[in-house]
Each structure stands twice: as C-alpha cells, then as structure tokens.
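Everything below concerns the one structure shown next.
The values are calculated or read from the model by the stated rules, or taken from the named source; none is laboratory data. Everything numeric here is computed off the predicted structure, so don't read it as measured data. Methodologically, a virtual Cβ is constructed for each residue, glycine included, from the backbone with ideal geometry; neighbour enumeration extends over all protein chains shown. Only protein heavy atoms, including side chains, enter the accessible area calculation; ligands, DNA and RNA are left aside. Shrake-Rupley method; radii C 1.70, N 1.55, O 1.52, S 1.80 Å.
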Amino acid sequence: GFVFTSTTHTPWLLPDARFKKYSGGSDRDAFRNTLLYADWALGELIAASKKAGYFDNTVFVVTADHADEFVDHAEMVPNLYHIPLLLAGPGLIAGLDDRVGSQFDILPTIIDLCGWQIDYAGFGRSLLDARRIDQRGSLGVRGDVLDWISPAGWVSHNLDRPLGRTPGMSDADASALERQLLATYQTAAHLQSANRILPPVR
C-alpha cells in the first residue's frame, strides 16, 4: 500500500483544535501543528495494523518527498535535502543510522528487507548493504545546480563550474567530490537517454 499525505502543506488543514498547539499565526507554527496531526495519524495507523494482525509481517516506510521549507542553515547544502526515513518491520532492530542515502535507496532496501530474489535496475542501493559505506553518495538537483553529498562532505556544481563546498574542505577533497558528482550525473544522463536503466525484456 502507498499513502501520500498533503497534511503538512498549505493550507495547513487540521481536523480539529486538538492539534493547534502553536498559535503564533506564522506559517512555521501552522506547519508544526500539522506535523503534530500527521504524527498522531501515523500512530493511529500503527495501532490499527497491530489490531488487524498485519503489523508483524509488514514493512513500514515513512519518508518525505522533500525537506521542509523552514529549514535552518540553508547555506549548508545537506540541510536542503535532509528528510526523515523511518523503517519498521520484521528483523529490524531499533536504532539510528546516519549513513548517507537518498530516496533512490528505498526500493532496493525494501527488496532487501523482504528477501525478494528479483531483478532490479535503478540508481539506488540497499541501505542495509554495509559494504563501502564511506563511498555512499546522494545526488540532488536544484534548478540548474547539482549537489553531491557524501560522508566526506558536499559540493555544488552547475556543469560549468563549481559553486560551493563544505566550509574548510581542501581543494583536493573538493576536486575528488566534484569528479564523483560529474561522473554520477554523466552516467545517469547517458543511461536514461539511451534507455538502458532497465534490462531488456526477454
């Protein structure tokens, strides 16, 4: 099943006054109120799944389609992409994981969690894959700006010149990340334009 909620978007609708904790009148306060409602609704869904008997054989994935518009320190590029990802299901141990990942990684992670033996073609890699964690990266796009975020830091580029990088990063490290960014973009663009992302149908 898939549910896309628009609760935490304008016009910031709430079902009743129970969720109006922040009353400052700003959009940020309205967003926080809808976030409280969304959190409550998620709790209701989990409780209903337990009552119905399918909680123990279901993988739950909760994430966002983009970072919120009220992000602090927007000059730090990773903050523009930092979104929640909650995975709950059989065999998962509660904890926090700060490895770099992206929405591309969600589908291969589900495949991994479910133990499916299927062909998969895409740009992501299972977040449960412990190999080369230090080499993980995430490609983001903001208009004509490309951002590459890795455990070593971040860089921004517009395919013509570098536009930014982690404060204090050395020229050598920034150059290495720029090569990763450009190589990833070139590979993705070529595979997409040549229609070679998916294996041929037999």
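Looking only at region 93-107, decide whether some residue is over 22 Å from Leu182 (Cβ atoms), crowded, with 17+ Cβ neighbours inside 10 Å and modelled with pLDDT of 90 or more.
Of all residues in region 93-107, those over 22 Å from Leu182 (Cβ atoms) come to 93-99, 106-107.
Filter once more, so that each one left must be crowded, with 17+ Cβ neighbours inside 10 Å: 106.
Those still in the list that are modelled with pLDDT of 90 or more too: 106.
Scanning region 93-107, I find at least one residue that is over 22 Å from Leu182 (Cβ atoms), crowded, with 17+ Cβ neighbours inside 10 Å and modelled with pLDDT of 90 or more, so the answer is yes.
Selection of region 1-38 for residues being more than 16 Å from His66 (Cβ to Cβ) and hydroxyl-bearing (Ser, Thr, Tyr) yields Tyr22, Ser23, Ser26, Tyr37. Just one of the numbered conditions (1) open to solvent by less than 50 Å² (accessible area, probe 1.4 Å); (2) part of a loop (DSSP other than H, G, I, E, B); (3) within 30 Å of Ile111 (Cβ to Cβ) is not true of Val71: (3). Considering the conditions (1) closer than 16 Å to Asp147 by Cβ; (2) in a loop (DSSP other than H, G, I, E, B); (3) at pLDDT below 95, Ala188 is excluded by exactly one of them, (2).
Taking region 99-139, which residues are of a type in the set (Asp, Glu) and without any contact (Cβ under 8 Å) to a residue 24 or more places away in the chain?
Asp105, Asp112, Asp129, Asp134
Of all the listed residues (Asp171, Asp144), the sole one being of a type outside the set (Gly, Ala, Ser), closer than 24 Å to Asp65 by Cα and surrounded by fewer than 16 Cβ atoms within 10 Å (Cβ to Cβ) is Asp144.
Being within 30 Å of Asp16 (Cβ to Cβ), in a loop (DSSP other than H, G, I, E, B) and over 18 Å from the mean Cα position of the chain (by Cα), is that true of even one residue in region 74-88? For region 74-88, residues within 30 Å of Asp16 (Cβ to Cβ), in a loop (DSSP other than H, G, I, E, B) and over 18 Å from the mean Cα position of the chain (by Cα): absent.
Taking the options Arg125, Arg202, Arg165, Arg196, name whichever one is surrounded by 11 or more Cβ atoms within 10 Å (Cβ to Cβ), modelled with pLDDT under 90 and among the basic types (Lys, Arg). Full working, then the answer.
Working: Arg125 fails: modelled with pLDDT under 90; Arg202 fails: surrounded by 11 or more Cβ atoms within 10 Å (Cβ to Cβ); Arg165 fails: modelled with pLDDT under 90.
Among Arg125, Arg202, Arg165, Arg196, only Arg196 is surrounded by 11 or more Cβ atoms within 10 Å (Cβ to Cβ), modelled with pLDDT under 90 and among the basic types (Lys, Arg).
Candidates in region 24-68 are the residues that are closer than 18 Å to Pro90 by Cα and either in contact with a Phe, Trp or Tyr (Cβ under 6 Å, 6 or more places away or on another chain) or assigned to a loop (DSSP other than H, G, I, E, B) (or both); of these, the one that is least open to solvent (accessible area, probe 1.4 Å) is Ser49.
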